[in-house]
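Following: one structure in structure tokens, then a few remarks.
The values are calculated or read from the model by the stated rules, or taken from the named source; none is laboratory data. Just so we're clear, the structure is a prediction, and the values are computed from it rather than from any experiment. Counting neighbours? That spans all protein chains shown, and the Cβs are built from the backbone with ideal geometry, glycine included.
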Amino acid sequence: MSKDNIIVGLEIGTSKVCVVVGESKPDNSVKVLGVGQAPSRGVRKGEIVDFETASKCVHDALVDAEEKSDVMIRSVYVGITGAHIASFNNRGSVTVAEDQEGIEERDFEQVRTNAREVSIPSQNAFIHSVLQHYYVDGQDGILNPIGMMGRKLEADFHIVHGITTRIKNTIRCVKEIPLEVEDVVFNPLAAAQVVLTQDQKNLGALMIDIGGGVTDYVVYVDGAVKESGVLGIGGDHITNDISLGLRIPMAKSEKLKIEEGSVILGNCLPGDVIMLKDDSGFAGKEIERETLNTIIHLRVREILELLKRTLEVENHLDFLGAGIFITGGCSLLKGIDHLTEELFGMPVHVTHAQTMSGLTSAFENPQFSTAIGLIKYAQALHSDKRGGWLERLRTKFPRFFLF
């Protein structure tokens with residue numbers, strides 16, 4: 001097993017820190033070798049709020065991953081999220097020199113640079129410029145313009161940016177361990193690499209990743225990323241609602257949510273109750289199942305309705321031929337697919353990482369979709385023939401890059 005083929009994804013979530021070790025195979029598949037986990041502390045809504053505590057959690061997950069995979073980890077691809085991250089679509093263009101025989105690599109680099117020549121908040125930095133479509137002299141449907149004859153090259157990009165200091169806090173947290181940060185990747189773009197197939201992206205798909213502190217999403221239309229973002233609300237808000245509404249400890253609320261709760265209302269028999277046994281410091285309690293389900297239903301409905309209103313602004317919902325795909329920890333809530341289908345009026349699938357090999361329990365668990373997706377994202381970068389453009393752009397335009 002070559003060290004060059006080992007890729008590690010790290011997700012510092014609100015509820016858990018997850019480290020996935022994968023092996024990149026010659027056929028472009030990924031074998032999951034091991035997964036390390038640790039409860040997450042010092043993180044709120046996907047962002048680090050207690051540096052030392054978060055670093056300890058990352059270290060614990062790292063040690064766990066090394067033991068389970070028998071791999072010494074030296075570098076990682078890190079997922080990032082947070083409500084500060086924003087995105088937009090923009091087109092770049094360049095006039096090709098008349099003495100050129102065809103479009104060259106440098107023309108592509110200039111187009112990407114031109115697409116970023118827009119005003120973003122001064123405290124923000126660019127994270128991604130994801131290619132959508134090429135145009136040569138107005139002709140669309142171009143798959144690769146390099147070498148083609150043309151006087152004008154244009155390209156559409158989906159551009160992601162966020163507050164520099166918040167992202168650097170995540171990078172610094174990892175480097176203190178110490179680990180080398182290969183790259184930072186916006187969580188939903190990573191998760192979509194393993195949750196959605198290319199056919200689903202081509203047909204049009206919305207992927208929703210509902211985690212502990214945030215809900216990430218990405219929209220694909222005609223195979224290209226059209227919209228992505230973060231809502232600062234997630235599964236921990238449901239747990240908190242249960243704790244406050246039923247007056248029980250947070251730990252018991254989380255267990256109730258996972259083991260007994262449902263998003264669907266009206267399916268309980270009259271008088272159906274859940275018995276919570278007495279415990280140290282807890283006297284025990286009877287919980288009406290319909291009351292529990294109502295609390296869960298209301299918060300999940302709020303998350304989905306907020307997302308729908310957000311997506312209706314850009315009007316991409318009419319182009320989702322493949323439907324909606326839900327992943328992340330909260331996708332395990334009973335009935336969440338039915339409620340989503342009711343609100344959006346289209347097919348909904350609860351899913352996890354696809355076409356993986358190795359540790360089955362890892363890739364079939366939707367809680368690991370982002371961490372596994374980081375490995376697939378990194379694999380795509382490694383196989384990208386344009387691998388050199390990123391370093392050249394970082395050298396020329398350091399203000400726009402994080403590290």
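So for the range 346-364 (the condition being at pLDDT 95 or above and assigned to a helix (DSSP H, G or I)), does at least one residue qualify?
Looking for residues that are at pLDDT 95 or above and assigned to a helix (DSSP H, G or I), one finds none in the range 346-364, hence no.
Select from the range 184-209 the residues that are in a helix (DSSP H, G or I) and among the aliphatic types (A, V, I, L, M) and write down the one among them that is farthest from LYS45 (Cα to Cα).
For the range 184-209, the residue satisfying everything is LEU203.
Among VAL136, VAL111, VAL43, VAL94, which is the only one that is touching a strand residue (DSSP E or B) at 6+ places or on another chain (Cβ under 9 Å) and under 30 Å from GLY232 (Cα atoms)?
VAL43 is the lone residue from the list that is touching a strand residue (DSSP E or B) at 6+ places or on another chain (Cβ under 9 Å) and under 30 Å from GLY232 (Cα atoms).
Of ARG299, ARG289, which residue is surrounded by 15 or more Cβ atoms within 10 Å (Cβ to Cβ) and touching a Cys at 6+ places or on another chain (Cβ under 8 Å)?
Values: ARG299 fails: touching a Cys at 6+ places or on another chain (Cβ under 8 Å).
That would be ARG289, the only listed residue that is surrounded by 15 or more Cβ atoms within 10 Å (Cβ to Cβ) and touching a Cys at 6+ places or on another chain (Cβ under 8 Å).
I want to confirm something. Restricting to the range 268-289 and keeping residues that are in contact with a Gly (Cβ under 8 Å, 6 or more places away or on another chain) and part of a loop (DSSP other than H, G, I, E, B), which single residue is farthest from VAL300 (Cα to Cα)?
Here the answer is ASP278.
The rows are residues; the columns are (1) more than 26 Å from PHE108 (Cβ to Cβ); (2) at pLDDT 95 or above; (3) of a type in the set (Asp, Glu).
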site	(1), (2), (3)
GLY141	no, no, no
PRO145	no, no, no
MET148	no, no, no
GLY162	no, yes, no
CYS173	yes, no, no
PRO178	yes, no, no
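Please count how many residues of the range 311-332 are touching a strand residue (DSSP E or B) at 6+ places or on another chain (Cβ under 9 Å) and under 12 Å from LYS226 (Cα atoms).
Total satisfying the criteria: 6.
If you check SER228, SER262, which single one turns out to be in contact (Cβ under 8 Å) with a residue 24 or more places away in the chain, buried (at least 19 other Cβ atoms within 10 Å of the Cβ) and farther than 16 Å from GLY329 by Cβ? Lay out the reasoning, then the answer.
Working: SER262 fails: farther than 16 Å from GLY329 by Cβ.
Only one candidate passes the filter, namely SER228.
Within the range 26-54, which residues are of a type outside the set (Val, Ile, Thr) and in contact (Cβ under 8 Å) with a residue 60 or more places away in the chain?
Answer for the range 26-54, where residues must be of a type outside the set (Val, Ile, Thr) and in contact (Cβ under 8 Å) with a residue 60 or more places away in the chain: ASN28, SER29, LYS31, LEU33, GLY34, SER40, ARG44, LYS45, GLY46, GLU47, PHE51, ALA54.
For ILE210, indicate whether it is assigned by TED's automatic domain parsing to the domain that holds GLY323, among the hydrophobic types (A, V, I, L, M, F, W, C), under 20 Å from GLY9 (Cα atoms) and surrounded by 22 or more Cβ atoms within 10 Å (Cβ to Cβ).
Numbers: assigned by TED's automatic domain parsing to the domain that holds GLY323: yes; among the hydrophobic types (A, V, I, L, M, F, W, C): yes; under 20 Å from GLY9 (Cα atoms): yes; surrounded by 22 or more Cβ atoms within 10 Å (Cβ to Cβ): yes.
Answer is yes for this residue.
Within the range 210-254, track down each residue that is part of a strand (DSSP E or B) and touching a Cys at 6+ places or on another chain (Cβ under 9 Å).
Passing the criteria: ILE210, THR215.
Checking the structure you have, find out if any residue of the range 176-190 is surrounded by 19 or more Cβ atoms within 10 Å (Cβ to Cβ) and on the phi > 0 side of the Ramachandran plot.
No: zero hits.
Using the structure shown, decide if LEU276 is more than 26 Å from the chain's Cα centre (by Cα), loosely packed, with under 15 Cβ neighbours inside 10 Å and modelled with pLDDT under 95.
The answer is no for LEU276.
Would you confirm whether or not the range 335-344 contains a residue that is assigned to a helix (DSSP H, G or I), at pLDDT below 95, touching an Asp or Glu at 6+ places or on another chain (Cβ under 7 Å) and not small (Gly, Ala, Ser)?
Within the range 335-344, the subset assigned to a helix (DSSP H, G or I) is 336-344.
Cutting the leftovers down to at pLDDT below 95 gives us none.
Scanning the range 335-344, I find no residue that is assigned to a helix (DSSP H, G or I), at pLDDT below 95, touching an Asp or Glu at 6+ places or on another chain (Cβ under 7 Å) and not small (Gly, Ala, Ser), so the answer is no.
Starting from residues that are of a type in the set (Ser, Thr, Tyr) and assigned to a loop (DSSP other than H, G, I, E, B), keep the ones in the range 119-156 and report whichever is surrounded by the fewest Cβ atoms within 10 Å (Cβ to Cβ).
SER119
List every residue pair whose Cβ atoms lie under 6 Å apart, where the two residues are 6 or more positions apart in sequence or sit on different chains, the first residue falls within the range 165-192 and is under 15 Å from ILE375 (Cβ atoms), and the second residue, located anywhere, is at pLDDT 95 or above and assigned to a loop (DSSP other than H, G, I, E, B).
As it stands, the answer is ASN187/THR81, since those pairs meet every condition given.
Answer yes or no: is there a residue in the range 63-79 that is surrounded by 15 or more Cβ atoms within 10 Å (Cβ to Cβ), within 20 Å of THR215 (Cα to Cα) and at pLDDT 95 or above.
yes
Please enumerate the residues belonging to the range 302-327 that are more than 17 Å from THR197 (Cα to Cα) and part of a loop (DSSP other than H, G, I, E, B).
Within the range 302-327, VAL313, GLU314, ASN315, HIS316 qualify.
Do you know which of the residues in the range 323-338 that are of a type in the set (Gly, Ala, Ser) and under 19 Å from the mean Cα position of the chain (by Cα) is nearest to THR239 (Cα to Cα)?
Top of the filtered list is GLY329.
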